[in-house]
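The values are calculated or read from the model by the stated rules, or taken from the named source; none is laboratory data. Quick caveat, the model's predicted, so the values are computed rather than measured. Every residue, glycine among them, receives a Cβ derived from its backbone with ideal geometry; neighbour counts consider all protein chains shown. SASA here: full protein model, heavy atoms, side chains in, ligands and nucleic acids out. Shrake-Rupley method; radii C 1.70, N 1.55, O 1.52, S 1.80 Å.
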Amino acid sequence: MSTGTDTATPPQAPAARRGPQPERGPRADCAADSAGGITFDVRLPAPLPSAAASPDHGAGLLLRSRSGDPDGPETVRLPLAPVAGDPGTLRAALPSTVRLAEGRWNVFLALDGAPPRRLLPGVNDLRSLMDRVPHADRTWLGVYIPYATKNGNLSVRSWQRWPHAEAGELRVVDGGLVLRGRLYGAGVAPGARLEAWARRHPDGPPVVVEAVAEGTGFTAELPYPPLAAHPVWDLWLRPGGSAEPVRVARILDDIADKKRIFTYPAERVRPASGDGPDVTVTPYYTLSNDLAVRVDAQD
């Protein structure tokens, strides 16, 4: 029996039409050297087009920044050259001496007479990036890690830092975090300290603890109860005295995005003031591989 209520399924809006999708390019194998540079081997169907095989072919690898610059993305062009003995491969090099602004860079193949095409990731040999030790006499540190985006394209994550405080072992103890790390580009002097700054309250006082020097390394134990007042804290190492603080991060390896890969135990903590409910405190790496601590209210 009809109730007078219209139960018919309402008409659905037509699906949005997708515009023409950019043509996906070939794959690029990436290999890291001990200095931190990256070699890209782009595999094309053999034989190579005559334009690409000639000495003045003009083929290039384009690295385009994803910084969102309103004046247009910054682009770095690396020349591609045929690989001797491998007629289906073009090679480009990103030396560690080339500066890429910190951020993410999409990788494109540019051949004469054709629009640039996004490259797909091939085989990565990044063993040389593991436990990399920067030279002490340099004036800046560039770190480049190729990776596959969520859409399956090739991109490069870059960092530009100096001095640099590399996070090492993290150990969650009762009511706190023990951090061991190593400082490059500066010395860990007497009076060095680890500082936790509330991200959304930069004008507030930091939580400060001693950082004990161990040569170029350092160890600090950060108590959790004083962190209960704010949801996110960023960790910095102040090498000593009035020295500028250095962001603590982990970038000297082959993992571009650590946030979902490196996980640490959560610790239930009572606030230092003794007021308010308990909170849960968890160390984590941000999208930039910087070290931070998250504070969550208990359910």
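Evaluate the relative contact order of the chain (contact order divided by residue number), counting alpha-carbon pairs under 8 angstrom at least 6 apart; express in whole percent.
Details: 682 pairs, mean separation 40.0, N = 299.
That works out to 13 percent.
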Exercise for the section: Give the relative contact order (percent, whole number) for segment 166-289; include only Cα pairs under 8 Å separated by 6+ residues. Expected result: 25
Practice task
Quickly estimate the mean residue ellipticity at 222 nm for the chain, helices only: each DSSP H run with n ≥ 4 gives -39500 (n - 2.57), and the total goes over all residues, rounded to 500.
Solution key: 0 deg cm²/dmol
Fill in the blank from the handout: Among Pro82, Val293, Val178, the residue whose Cα sits farthest towards the positive end of the charge dipole of the chain (+1 at Cβ of Lys and Arg, -1 at Cβ of Asp and Glu, taken about the Cα centre) is Pro82
Handout entry: Largest-first principal axis extents of the Cα set of the chain (Å)
Key = 86, 73, 34
Problem - Proximal charge balance of Asn289 [Cβ under 13 Å; K/R count +1, D/E count -1] - result: +1
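So between Asp257 and Thr75, what do we pick up on full extension, going 0.36 nm a residue minus the alpha carbon distance?
Values: separation 182, 0.36 × 182 = 65.52 nm, distance 2.25 nm.
Extra length from Asp257 to Thr75 when fully extended: 63.3 nm.
What translational diffusion coefficient, in µm²/s and rounded to a whole number, does the Stokes-Einstein relation yield for segment 198-299 at 4 °C and a viscosity of 1.567 mPa s, taking the hydrodynamic radius as the Kirkwood radius over Cα pairs?
On the way: Rh = 15.0 Å.
In µm²/s, the coefficient is 87.
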Completion exercise
The answer for the net charge of residues other than Val208 whose Cβ lies under 10 angstrom from its Cβ, with Lys and Arg +1 and Asp and Glu -1, is 0
Handout entry: Per residue accessible area of the chain, 1.4 Å probe, in Å²
Key = 54
Practice task
Count charges around Trp140 for me, please; just the other residues with Cβ under 9 Å from its Cβ, Lys/Arg as +1, Asp/Glu as -1.
Solution key: +3
